2 protein chains.
Amino acid sequence: MGRPTVLLLLLAILTPGAAFHVPPAMKALSSLRWSASSTFRRTVAKNYSVHYIQQKVDHFGFSADKTFKQRYLIADAYWKKNGGSVLFYTGNEGDITWFCNNTGFMWDVADQLKAMLVFAEHRYYGESLPFGNKSFRDSRHLNFLTSEQALADFAVLIKHLKKTIPGAKNQPVIAIGGSYGGMLAAWFRMKYPHIVVGALAASAPIWHFGNLVPCGVFMETVTKDFKRGGPNCSETIRSSWDAINRFSRTGAGLRWLSEALDLCTALTNAQDVQRLKAWLSETWINLAMVDYPYECDFLQPLPAWPIKVVCQYLKNPSVSDAQLLQNIFQALNVYYNYSGQASCLNISETTTSNLGTQGWSYQACTEMIMPFCTNGIDDMFEPHAWNLREFSDDCFKQWSVRPRPAWIITMYGGKNISSHTNIIFSNGELDPWSGGGVTKDITDTLVAITIPDGAHHLDLRARNAFDPTTVLLARSLEVKHMKQWIRNFYASLRKKH
Amino acid sequence: MGRPTVLLLLLAILTPGAAFHVPPAMKALSSLRWSASSTFRRTVAKNYSVHYIQQKVDHFGFSADKTFKQRYLIADAYWKKNGGSVLFYTGNEGDITWFCNNTGFMWDVADQLKAMLVFAEHRYYGESLPFGNKSFRDSRHLNFLTSEQALADFAVLIKHLKKTIPGAKNQPVIAIGGSYGGMLAAWFRMKYPHIVVGALAASAPIWHFGNLVPCGVFMETVTKDFKRGGPNCSETIRSSWDAINRFSRTGAGLRWLSEALDLCTALTNAQDVQRLKAWLSETWINLAMVDYPYECDFLQPLPAWPIKVVCQYLKNPSVSDAQLLQNIFQALNVYYNYSGQASCLNISETTTSNLGTQGWSYQACTEMIMPFCTNGIDDMFEPHAWNLREFSDDCFKQWSVRPRPAWIITMYGGKNISSHTNIIFSNGELDPWSGGGVTKDITDTLVAITIPDGAHHLDLRARNAFDPTTVLLARSLEVKHMKQWIRNFYASLRKKH
């Protein structure tokens, strides 16, 4: 198997959509639709104020004393100075307004927790660029894009809020985040327990590092979701790879493929075919992450239970190659053209500045080294082993940096985290990331909540009439824990005075 | 009061001797005596092996992937692979062999804890220089001298030891340190509880930052020690400053002073006089820190209870200026010439490379911002207010960096550390640093041990026939806690398997 395949597949997997960010291949389409989407319009209606704080570009070094503007949002309609709390969203790899508007849970519980909502943007994403449009220029400018610097930003910001907002000083702060933001929430509580009384880490794959979990677990869950989506669905997808390979042997086959899949740019060589397969894999992964029980627009406008809808087109793995790929096209259309406005499907990786994409690609090449693999047996993908050396070389080519795969475990403890307290790890069982998450209680105060019918951090989304009971239960448990943390905080405050 | 005074006094206070390091002014004399001292000879007899590990120069950034050799020492004569433990000395600002030989406590308890002793050198000290002899060249080279980088070195080293030393993997590691090293031990347990099961933080002034304690507390304790040293002793020292000032008005006075104090270099101007007073202040401070109950050679060869000896010469504050300063000279001789070999007293700050001095001076200008002040009433010194702006300007002049006085509290929690566990804070009540230390229990597992007759981390020194009962009691309590941590570790290990 050639190098480009591996590179593309790895990038595809390492940058799966959902909260991790919009994959590059989807960028062209999704950006067109974005501003017109109903979610986005709901967004603007949410009532928050936008603020900026000057942060040190480097919290851990003093030779450069440069600062940058970090953006954060505040919504305080329900906040009570008396007995209230602060819910602090630990922003992840994207524009914070997007997360703000896709974390309805915080808005839904603000009233009962008398909470101020704060959404902090992660450095190098959205508007919070340490070196403006030069931020992604080279590894020297990217040097301050690490989880440690991001956590330090959060700590400094909270101290600033407590100092400057009258009434906030003696209030408990709870960290909340999903996906990478969930990892940050958990790690924030671990490293700065003096600043947050607890953390809700939703769909946070904090164990998807090193050998903590098997590298195949992610793609196996994706496959399970498609098995569950309909009879023969995963088998049909598994069959599609060879069908594509057979078509790719001739120029005529490539032309047919390009037309059958309605690609914006025709496939012309083997590399294009690898790119196509990586893009397809990404699509199935993203569908698994956003397999929500109601129509919504998170990464793309999608119907309720989109995998079920997709699988209606993928019932037969034994038809001719041509028929099978035409069925795949129908399935793709569910994801890429639910609104009916796409004129073609674009698999090209754009190199335009989707900042989120660039930032996460760098992070995935430095600290966030999550091993992924497939064997084609326990999953529906073509087999790919995890090859750190190759991965490292690709990272060096792209960013002039080398990954440090052991570092995150050294820094944040891997599976040895039982001395910490007050962290909720929630995971949807449909979510491919759940395999790298904490799905069993560690102690009385490091608790796992699993949501059998949940995809990627469903619990953080706004309440919905079609929410399954299991997510309602999860949310109520989460609120129960948060209320306990808040009570404990005020009890110990009273003891002090 | 002119700028130079403040600068010198601040530097003097910020770089007090003892475990913090040998103050610049003493360098010339002490380096002469060092190799001949009996402590040093005992040192060499201690049986350890010297090792090196390649560490990333920057754990928190990926653009430079440079490494350097960190030195560490291992003594495993008493180590048991079965049921043993690892005592890990979190090296502070100096050559690690010096700390290794001045931390007899670890050697004394190795047998009963079946412990391997590891002494890790702090980056930028001793042989562990990230950029060799260029390490102190400028702020760019010094950029990686922070407590966070040092803790990361320790974490990486321990993971390395567990991986490479057969039998070490499933053993509990306890962090032990004194002074700044004690702060590191405590912070290490706070930030890396997955790596060390507990910490003994001896004489660690973790609260000597910001407004956590009054800035005068340090010098008040020094003064108390001299009050306790003999009648009129602190009053005599208080009178000496004006006596010096009066002598300094004329050239003849300066000449007399230079001769009376047997200075190696004659005083010629006001700046020299400020330097003299700073040097005197340092001397009294150092005496307070090393006011040990037996003859020893830590910073200097000294008699038992050196302040008592010094105070024999400082009984009368009301004699003539000349007599008073001649008495001061006698007192100084106790500290600088106990061995009788010094031909003159040298107050000049050398600019030769005492690496420890340079490194700490930089740290004291960046992260380790400890406010000090005197008022001349509650203490025996000339009044000096704490002036952050002036301090910052001086730091910028010297190192091209500015202090970030709030950072350490943001990072390590200030007084809000009750969610951590398994840290012993020990403090000698004679030790000026005790004012910035934790001297009352915070929780059942964050315990304070105070030693009424102890100076700077007396408990970490080797057992001695003249040890007061209070330090024996402290050490046995410390061992009791450590044994408990070790038992808990093995109990939870058994539960896992």
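The values are calculated or read from the model by the stated rules, or taken from the named source; none is laboratory data. From a predicted model like this one, the values you see are computed outputs, not experimental measurements. Every residue, glycine among them, receives a Cβ derived from its backbone with ideal geometry; neighbour counts consider all protein chains shown. Ligands, DNA and RNA are excluded from the accessible area calculation, which covers all protein heavy atoms including side chains. Shrake-Rupley method; radii C 1.70, N 1.55, O 1.52, S 1.80 Å.
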Consider A:GLY454 carefully, then state whether it is at positive phi, in a loop (DSSP other than H, G, I, E, B) and not hydrophobic (A, V, I, L, M, F, W, C).
-> no
Of the conditions (1) open to solvent by 10 Å² or more (accessible area, probe 1.4 Å); (2) part of a strand (DSSP E or B), B:ASP65 fails just one. Which one is it?
-> (2)
What residue, among those in the stretch A:80-97 that are surrounded by fewer than 23 Cβ atoms within 10 Å (Cβ to Cβ) and of a type outside the set (D, E, K, R), is farthest from A:SER476 (Cα to Cα)?
-> A:THR97
Scan the stretch A:92-113 and give yes if some residue there is under 25 Å from B:GLN149 (Cβ atoms), touching a Gly at 6+ places or on another chain (Cβ under 6 Å) and not in a helix (DSSP H, G or I), otherwise no.
-> no
B:SER418: passes all of (1) within 14 Å of chain A (Cβ to nearest Cβ); (2) closer than 24 Å to B:CYS373 by Cβ but (2)
Can you tell me which residues in the stretch A:194-215 are crowded, with 22+ Cβ neighbours inside 10 Å, out of contact with any strand residue (DSSP E or B) (no Cβ under 6 Å at 6 or more places or on another chain) and either part of a helix (DSSP H, G or I) or more than 14 Å from every other protein chain (Cβ to nearest Cβ) (or both)?
-> A:ALA204, A:PRO205, A:HIS208
Which number in (1) away from chain B (no Cβ under 14 Å); (2) in contact (Cβ under 8 Å) with a residue 60 or more places away in the chain; (3) farther than 24 Å from A:MET411 by Cα; (4) not in a loop (DSSP other than H, G, I, E, B) marks the one condition that A:LYS227 misses?
-> (2)
Within the stretch A:130-156, residues farther than 23 Å from B:MET411 by Cα and either open to solvent by 40 Å² or more (accessible area, probe 1.4 Å) or touching a Ser or Thr at 6+ places or on another chain (Cβ under 8 Å) (or both) come out as A:PHE131, A:ASN133, A:LYS134, A:PHE136, A:ARG137, A:ASP138, A:SER139, A:ARG140, A:HIS141
Failed item in (1) polar (S, T, N, Q); (2) within 24 Å of the chain's Cα centre (by Cα); (3) away from chain A (no Cβ under 14 Å), with B:GLN112 passing the rest | (2)
Would it be correct to say that A:LYS159 is among the charged types (D, E, K, R), surrounded by fewer than 21 Cβ atoms within 10 Å (Cβ to Cβ), free of Cβ contacts under 8 Å to residues at least 24 places away in the same chain and farther than 21 Å from B:GLY61 by Cα?
-> no
For the stretch B:45-62, what are the residues that are assigned to a loop (DSSP other than H, G, I, E, B) and either without any contact (Cβ under 8 Å) to a residue 60 or more places away in the chain or under 16 Å from B:ILE174 (Cβ atoms) (or both)?
-> B:ASN47, B:GLY61, B:PHE62
Looking at the stretch B:231-327, what helices (runs of 4 or more DSSP H) fall wholly within it and have at least 3 residues that are over 22 Å from B:LEU430 (Cβ atoms)?
-> B:233-247, B:251-260, B:270-289
Given B:LYS495, B:LYS480, B:LYS440, which one is exposed (fewer than 12 other Cβ atoms within 10 Å of the Cβ), on the phi < 0 side of the Ramachandran plot, assigned to a loop (DSSP other than H, G, I, E, B) and out of contact with any His (no Cβ under 6 Å at 6 or more places or on another chain)?
-> B:LYS440
Might you check whether a residue that is crowded, with 19+ Cβ neighbours inside 10 Å, outside the structural domain of B:LEU157 (by the TED database) and of a type in the set (D, E, K, R) occurs anywhere in the stretch B:229-242?
-> yes
Helices (runs of 4 or more DSSP H) wholly inside the stretch A:126-193 containing at least 2 residues that are within 14 Å of another protein chain (Cβ to nearest Cβ) and under 25 Å from A:CYS395 (Cα atoms) | A:139-142, A:147-164
Can you give me the number of residues within the stretch A:387-412 that are of a type in the set (A, V, I, L, M, F, W, C), buried (at least 17 other Cβ atoms within 10 Å of the Cβ) and farther than 16 Å from A:GLN358 by Cβ?
-> 5
Have a look at B:ALA18, B:ALA75, B:ALA45, B:ALA25 and point out the one that is more than 30 Å from A:SER392 (Cα to Cα), at pLDDT 50 or above, open to solvent by less than 10 Å² (accessible area, probe 1.4 Å) and away from chain A (no Cβ under 14 Å).
-> B:ALA75
